[in-house]
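Peer 1: Next up is a structure, given as structure tokens.
The values are calculated or read from the model by the stated rules, or taken from the named source; none is laboratory data. From a predicted model like this one, the values you see are computed outputs, not experimental measurements. Don't worry about glycine lacking a Cβ; one is built from the backbone with ideal geometry, like all the others, and counts go over all protein chains shown.
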Amino acid sequence: MATAGQLTKDNFGYSVPVDSPLYQPFPLEYEDVAIMLYPYITSAEAAAKLLPSQLTLAPVPGDTTGTLAGAQVVFARYGFSNVGSYNEVAQVISAQYTGTMPPGTNPNVMFAVRLHVTNDMAMAAGREIGGFPKKLAHIDVNEGPIWLGALESPSGLRICTGEMQPFVKIFEQSQQPAGQQTLPLSYVSLRVIPDPTSTTPPYQPSLCQLIYTEWVLSAGTFWGGRGTLSFTGASTLHPYHTLPIKQQLPPISPSTPATPGTGLFRGKMTIGKVVVLENF
């Protein structure tokens, strides 16, 4: 008599392998965080091609022609987290969600175009939970008088570089008024699970969702920084250059700390709020 398997959904682990999950549920907690932020102006035509139809490009101040869009690249070093220590590079587009937002969420978001990380746990959790389009790569984030971030994939093929000299303290989170001691960054990403039977275009995924997450920065310091973000254009497989840099924004200013600008954050981070905005 054949012996039946005993594994059922009610005793699955959170992720695969179900008997030894690669990662656990959110929240993700980070300490010893360093994030270099490079916001810039790009082409609205180029950005719209990469943006889901449920979102619109955020307006760029002073742009009366509608030909410009906001984008950003960040280089991050996470010294500790519950998905391990790793480095990350992300490219996002400033956007607004046009659907109904759940209570407590922000329609002004950054849409995640592409990300690279150095850790398989961070890659899998980001893709499978949050829909972040992460790949593995070689990423350096080197601290010094001049900070340097560099993305290579494969190792030796430079994709993009960011240099920065932090030179002016903007504020410390601990010195902010009560209730303003955290800074949430709102993201939307596209979570796609392929259908193994859909093998020719147009592909029909088994699951397609827009996912909203909030990355909360806390217990840290913001610095304005001088520096330059650059793309090599050397890769068609990791095409950061398809969102070209028309103008990099100047350093964050102490007089207008809420205005996006080139800068550095050092502190802690939590990713806790995760919301499915829609299935489509």
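Listed here are the residues, each with its yes/no results for (1) out of contact with any Asp or Glu (no Cβ under 6 Å at 6 or more places or on another chain); (2) farther than 22 Å from Leu136 by Cβ; (3) of a type in the set (Gly, Ala, Ser).
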site: Gln24; (1), (2), (3): yes, no, no
site: Met36; (1), (2), (3): yes, no, no
site: Ser43; (1), (2), (3): yes, yes, yes
site: Lys49; (1), (2), (3): yes, yes, no
site: Leu55; (1), (2), (3): yes, yes, no
site: Pro61; (1), (2), (3): yes, yes, no
site: Thr65; (1), (2), (3): yes, yes, no
site: Val73; (1), (2), (3): yes, no, no
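Peer 1: Does Thr228 count as under 26 Å from His138 (Cα atoms), hydroxyl-bearing (Ser, Thr, Tyr), assigned to a strand (DSSP E or B) and under 18 Å from the mean Cα position of the chain (by Cα)?
Peer 2: no
Peer 1: Right, something else. State whether the residues of the stretch 168-176 include one that is touching a Lys or Arg at 6+ places or on another chain (Cβ under 9 Å), of a type in the set (Lys, Arg) and at pLDDT 95 or above.
Peer 2: No, there is no match, as no residue in the stretch 168-176 is touching a Lys or Arg at 6+ places or on another chain (Cβ under 9 Å), of a type in the set (Lys, Arg) and at pLDDT 95 or above.
Peer 1: Listed residues Pro27, Pro17; which is of a type outside the set (Gly, Ala, Ser), out of contact with any Leu (no Cβ under 7 Å at 6 or more places or on another chain), touching a residue at least 12 places away in the same chain (Cβ under 8 Å) and surrounded by fewer than 14 Cβ atoms within 10 Å (Cβ to Cβ)?
Peer 2: Pro27
Peer 1: Just checking, how many residues over the stretch 104-132 are hydroxyl-bearing (Ser, Thr, Tyr) and within 19 Å of Pro52 (Cα to Cα)?
Peer 2: Residues meeting the conditions: 1.
Peer 1: Now for a different question. What number of residues in the stretch 216-225 are small (Gly, Ala, Ser) and either in contact (Cβ under 8 Å) with a residue 60 or more places away in the chain or not in a strand (DSSP E or B) (or both)?
Peer 2: Number satisfying all stated conditions: 2.
Peer 1: Taking the stretch 221-230, which residues are buried (at least 19 other Cβ atoms within 10 Å of the Cβ) and within 30 Å of Pro25 (Cα to Cα)?
Peer 2: The answer is Phe222, and nothing else.
Residues checked against (1) farther than 26 Å from Ala58 by Cβ; (2) surrounded by 23 or more Cβ atoms within 10 Å (Cβ to Cβ); (3) within 15 Å of the chain's Cα centre (by Cα):
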| residue | (1), (2), (3) |
| --- | --- |
| Glu88 | no, yes, yes |
| Tyr97 | no, no, no |
| Thr100 | no, no, no |
| Pro103 | no, no, no |
| Asn108 | no, no, yes |
| Arg114 | no, no, yes |
| Val117 | no, yes, yes |
| Ala124 | yes, no, yes |
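Peer 1: Step by step: first the residues of the stretch 236-280, then only those that are within 20 Å of the chain's Cα centre (by Cα) and of a type in the set (Ser, Thr, Tyr), then the one that is farthest from Gly104 (Cα to Cα). Which residue is that?
Peer 2: The selected residue is Thr242.
Peer 1: Could you look through the stretch 177-206, keep only residues that are under 25 Å from the mean Cα position of the chain (by Cα), at pLDDT below 90 and part of a loop (DSSP other than H, G, I, E, B), and pick out the one that is farthest from Phe132 (Cα to Cα)?
Peer 2: Gly179
Peer 1: Could you tell me whether Gly162 is part of a strand (DSSP E or B) and either buried (at least 19 other Cβ atoms within 10 Å of the Cβ) or among the polar types (S, T, N, Q) (or both)?
Peer 2: yes
Peer 1: Taking the stretch 231-280 as the region of interest, how many residues are small (Gly, Ala, Ser), crowded, with 19+ Cβ neighbours inside 10 Å and not in a loop (DSSP other than H, G, I, E, B)?
Peer 2: Of the residues in that region, 2 qualify.
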